[in-house]
Amino acid sequence: MILICPICNQEFKSFPCRLKKGKQLVCSQRCANQLRKMFRGSVNSNWKGGKTERKCLMCGDSFLRNSASKQKYCSRKCQGKRTSLRQKGIDNPLWKGGLEKLFCLLCGKDFMVSPCRKQSGKTQFCSKRCGNFWKNLHMKRKDTNIELLIENELKKRNLQYEKQKPIETIGIVDFLLPGKIIIQCDGDYWHGKKKVKNRDSNQDFLYGFKGYQIFRLGESRIKKSPSRCISQIIRRMSCLIKQE
């Protein structure tokens, strides 16, 4: 079909099926843009009065918006402030009474926790350190070969000791002897790592600050002669007692 463009009065070709669908009423995209401009504003069948003046619910400033728009705030900043106020405290629809006080299962220190975290059952400890310490304390573990060698030597000499003894929240020692004497049995591979060495040195400093004497025995040294290791510890402790 040959039609005449209502904008520029030029002839153009079109199909009847496109005309039935209301498409290709003009000859080009340029003319289509001009046709849209002609039906803007009050001429448009969907006209709803244009922009109206409103007041922001947060700051009170006036702003212009279309009557069809549901915007109640002048900017995203004001909308964010209003949302944050609604999400805090009693205004929050998920409010369940605020924070509650609990006591740490390990150190006994009190800490605050939300009701939703309390319901999850993961709030028995005040910190991750206390939680990890509790897990290590109650974790089932087998004695290593070097620990068994030292334990047998302590039994031969009839020395009193406590095995896998926790010292406050600092750490768990392999053997604790009377007089605040600590014996640690260190494997060559694991305790040779830089990260573990730093952790051991920090623990030794805290043990020494609490008045403990620390003796760290290496794996190769224990396997070579466990009796010599214990003899050296006893000899050194006797020297310290004489000096006092």
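The values are calculated or read from the model by the stated rules, or taken from the named source; none is laboratory data. Everything quoted here is computed from the prediction, not taken from an experiment. When we count neighbours, we look across all protein chains shown, and the Cβ atoms used for this are built from the backbone with ideal geometry, even at glycine.
Table for the structure above
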quantity	calculated
Verdict on Leu154 being at pLDDT 80 or above, assigned to a loop (DSSP other than H, G, I, E, B) and either β-branched (Val, Ile, Thr) or assigned by TED's automatic domain parsing to the domain that holds Ile234 (or both)	no
Residue among Asn33, Asn9 that alone is surrounded by fewer than 10 Cβ atoms within 10 Å (Cβ to Cβ), over 30 Å from Leu85 (Cα atoms) and either touching a residue at least 12 places away in the same chain (Cβ under 8 Å) or out of contact with any Gly (no Cβ under 8 Å at 6 or more places or on another chain) (or both)	Asn9
The stretch 122-151, subset within 14 Å of Lys109 (Cα to Cα) and polar (S, T, N, Q), residue nearest to the chain's Cα centre (by Cα)	Ser127
Subset tally (residues that are in a loop (DSSP other than H, G, I, E, B) and not small (Gly, Ala, Ser)) for the stretch 7-34	11
Residue, nearest to the chain's Cα centre (by Cα), within the stretch 12-30, restricted to residues that are on the phi < 0 side of the Ramachandran plot and exposed (fewer than 10 other Cβ atoms within 10 Å of the Cβ)	Gln29
Matching option when the condition is of a type in the set (D, E, K, R), modelled with pLDDT of 85 or more and surrounded by 13 or more Cβ atoms within 10 Å (Cβ to Cβ), among Lys77, Lys72, Lys118	Lys72
Some residue of the stretch 219-239 being among the hydrophobic types (A, V, I, L, M, F, W, C) and under 42 Å from the mean Cα position of the chain (by Cα)	yes
In the stretch 121-146, the residues that are of a type outside the set (S, T, N, Q) and exposed (fewer than 15 other Cβ atoms within 10 Å of the Cβ)	Gly121, Lys122, Lys128, Arg129, Lys135, Leu137, His138, Met139, Lys140, Arg141, Lys142, Asp143
Residues located in the stretch 163-180, provided they are in contact with a strand residue (DSSP E or B) (Cβ under 7 Å, 6 or more places away or on another chain), touching a residue at least 24 places away in the same chain (Cβ under 8 Å) and surrounded by fewer than 20 Cβ atoms within 10 Å (Cβ to Cβ)	Pro166, Ile167, Ile172, Lys180
Pairs where the first residue, in the stretch 183-202, is within 22 Å of Ile233 (Cβ to Cβ) and the second is polar (S, T, N, Q), C-beta under 9 Å, 6+ apart	Gln184/Gln203; Cys185/Thr144; Gly187/Thr144; Asp188/Ser220; His191/Gln184; Asp200/Gln184
Phe111, sole failed condition from (1) assigned to a strand (DSSP E or B); (2) assigned by TED's automatic domain parsing to the domain that holds Ser231	(2)
The stretch 40-66: number of residues that are part of a loop (DSSP other than H, G, I, E, B) and loosely packed, with under 12 Cβ neighbours inside 10 Å	8
Evaluation of Lys210 against (1) touching a residue at least 12 places away in the same chain (Cβ under 8 Å); (2) surrounded by 12 or more Cβ atoms within 10 Å (Cβ to Cβ); (3) of a type outside the set (A, V, I, L, M) (one fails), failing number	(2)
